[in-house]
Structure formats: structure tokens, C-alpha cells
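None of the figures in this text is laboratory data; all of them are computed from the coordinates on show. Remember, it's a predicted structure, so these values are computed and weren't measured experimentally. Heads up, the Cβs are rebuilt from the backbone with ideal geometry, glycines too, and the neighbour counts pull from every protein chain shown.
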Amino acid sequence: MHIKEAAKRLGISARAIRFYEEKGLVAPGKELSSGYRSFTEQEIWRLQTIVALRESGMSVSDIQAALVQVERGGHEELLHYLELQRSVLYARMLETRQTLQTTDHMIGLLQRSRGLPLEEFYRLAQDSREVRELRNWEDRWNFDELASSHDERVWSGDSAYPGYREALERTVEEINPAPGETGLDLGTGTGNLAGLLMERGAVMNGIDQSKEMLRICRSKFPAMTAKIGNFLAIPYTEGQFDFVVSSFAFHHLSGRQQLLALSEMARVLKPQGRIAITGFINRSPGGKVPAGKDRLGSAACELDFLDWFAPNGFESKCLKLSPELYLAAARRGFV
């Protein structure tokens, strides 16, 4: 099959095929008599794969790596590449939404002002840029390497996870899921909190940035939907979940990232949705237990990010589970 026939069959231009050839994604043979490119069915299949991956927004270099896995029968690796791409696309979608909001605010300023409000324009641009930079996520903890020993560490009472079992159980009691409710576990790791919620009848989804953590999670809980992702660009559309939970993960975010993460949780919650976050007091940026400030009795604690809830339509509380651990809970619908 010649290049024009291949292009017509695939619904792309001959120029696109030549581009893929230049980049080393496809290498058709040439007829000895004419020198024309000749595409076999195997090469047509390879081009179909390239076109599909390009449609997902994947870069040429990522397609090259993915094709190697496809040819080796590496189903899990190809799945991982596509999941990473989905995560990137969600982040881009949220960035585009932020840019649109900034543009709308600038238009509103111009409509209300006779002059040119350059200082306000600059402030809006700065705010938008800072939000975009906050979404940059980097794994500084090597969770892929820690995944194989994670369950043994947390369930055995490792000092890095004090009160782990009790904290998860209190989180489940606080959420108190009704059978059939849908939940999302952020930073799910190997799925331990999600698993306890599934025992109560919840339909669970989880996201984590570690491929190896998710591999173990899926093997333990095949009924659970687990995706690559992070707190700052949750790979789900609006209003999908009855509740969002997170345990022993929120402290990895900076104070401003925590506020962005709460906005993301609110985005994917249903109108009467709940949030429960369990974590470390002394490791949480902005977390503190102020002397003499005891809103809910001797078991209460205070965290800076709690101030986000009321202005955004949530009623919240924070319980001190131990000298090291808190449980922050919130429900939407507070007026």
C-alpha cells in the first residue's frame, strides 16, 4: 500500500505520515522498482496506534516509549502512559478554566472602569500564574520504591504511622457511608482506607501519584477504580462523589496547595457532599494546636486550612485523635 492509500484509509494527510516517519515512529519499506514507500498491514496498525495516541495529546517522545511497550505486549505500561496523559489533560483543563476566569475578571474590570486598571490586571495575572505554579506536582518521597513494604509498615505500628488503624477507623465512622454511596480517596496509596469504606458498602475510587502503590491497590481491591493523579488536579469531572477522604497524605502539600486541594475536593463533590481528612498535626504546613483555643472540648484541634470551609459553604470541625493526629471533617450545605 502506497502512502496516499494509507493516508486515505487512516483519514490523515500524507504529510502527517511523513512527519511520523521523520520522527522514527514508522519505517515503511520501499519498492525496488519505483522507490515508493510501501506500507504493510503491520505498519498500518502501527500508524493507527500512533494516531490514537496523538489524539489523546501524547507527545512524540512519549508515543515512542509507548510503542515499545505495545510491541512487547506491555499492557500495564501502556495503561500507565495513558493514565499519565489523562492526568496532564485534566491539569491543562483546570489551567484553561483559570485563564478564562482571569480573562472574564479583566473584561469586567474594563467594563466598570473608564480608565485602564493596569494594577488590577497585574494582580489578576499574578494570582493566575501562582495558581498554575501551585499545580506543579513533584514526587520527592519515592513512593514507588516504598510501595512494596508500605502495608507491612503501616499495619505493624511503624513509628512513622502512629495510630494508623484507629485513625482510619475513626475516619470511616465520621464519613459513615450509606451502602451505594460513591467516594473518592485522595492519596489512596495501597487502598487501605478505601478498603474499609468498601466494607461498609461504599463504591470507592482512588487516586495516587505512585504507579506501584496503585498496582498493589488494584490487586487488593479489584472492584475499586484507581487512577493516576494528585490533589491539585483531580482527574474527575464536577459533582461525582458523595464524599472525599484522605489519610496520612495531606501534610505533603504546602499551605497554599492545601487550599487549592480543598477547592478541587469541592469541585468533584455532590451538593451535600462530605470531606474527611486525617493526618499529622506537627507535619502539616500551617497546622497547630493553639494553647487555650478549644472549640470542641479537650479532643479539639485547630488547623489553618479549616478557615477555608465556612466561606465556601461547608460546616467543619477538627478532632484531635492523639497528640500527633487530627481528623478534620466538613459537610457542604452550611449556610
* Asked: Sorted by average packing, counted as other Cβ atoms within 10 angstrom per residue and highest first, what order do 83-94, 22-33 take?
  -> 83-94, 22-33
* Using alpha carbons only, how many degrees (0 to 90, rounded to 10) separate the axis of helix 41-55 from the longest principal axis of the chain? -> 40 degrees
* To do: Can you put S247, S34 in order of Cβ neighbours within 10 angstrom, beginning with the fewest?
  => S34, S247
* Round to the nearest 10 and give me the degree value, 0 to 90, for the angle of helix 143-155's Cα axis relative to the longest principal axis of the chain. => 40 degrees
* **Net charge dipole size for the chain [Lys, Arg +1 and Asp, Glu -1 on Cβ; Debye, nearest 20]** => 900 debye
* To do: Take every Cα-Cα pair in region 143-332 and report what % of them are more than 29 Å apart.
  => 15 percent
* Charged-residue dipole, Cβ positions (Lys, Arg, Asp, Glu), region 3-71 about Cα centre, Debye nearest 20 -> 280 debye
* In Å, descending, principal axis extents of the Cα set of region 3-71 -> 36, 22, 19
* Greater than 22 Å apart at Cα, pairs in K211/K320; K4/K30; K23/K211 -> K211/K320; K23/K211
* Asked: What's the exposure ranking of I216, I207, going from fewest to most Cβ atoms within 10 Å?
  -> I216, I207
* Asked: How high is the relative contact order of the chain, in percent, with contacts defined as C-alpha pairs under 8 Å that are six or more residues apart?
  -> 11 percent
* To do: Give, as a single signed number, the net charge of other residues whose beta carbon lies under 11 Å from the beta carbon of A226, with Lys and Arg counted +1 and Asp and Glu -1.
  => +2
* Structure fact -> Each label sits 7 Å from Cα toward the beta-carbon; between T237 and T103 the label points are separated, in nm, by 2.2 nm
* Return the long-range amide H neighbours of A226 (sequence gap of 5 or more, or a different chain), with a cut-off of under 5 Å between placed amide H atoms. => G206
* Asked: Given a Förster distance of 41 angstrom, what is the FRET efficiency for M93 paired with E324, based on the Cβ-Cβ distance and rounded to 0.05?
  -> 0.65
* **Cα→Cβ-extended label distance, 7 Å offset, between R114 and K23, nm** => 5.4 nm
* In the neighborhood of A167, defined by Cβ-to-Cβ distances under 13 Å, what is the net charge if each Lys or Arg adds +1 and each Asp or Glu adds -1? -> -2
* Asked: Could you give the angle, 0 to 90 degrees to the nearest 10, between helix 255-268's Cα long axis and the longest principal axis of the Cα atoms of the chain?
  -> 70 degrees
* Structure fact -> Length-normalised contact order of region 143-332, Cα under 8 Å, at least 6 apart, in percent, tallies to 18 percent
* Structure fact -> Sorted by chain and then number, the residues having a modelled amide H within less than 5 Å of the amide H of L321, at least 5 places away or on another chain, are Y326, L327
* Can you work out D for the chain in µm² s⁻¹ from Stokes-Einstein, where Rh is the Kirkwood radius over C-alpha pairs, the temperature is 4 °C and the viscosity is 1.567 mPa s? -> 57 µm²/s
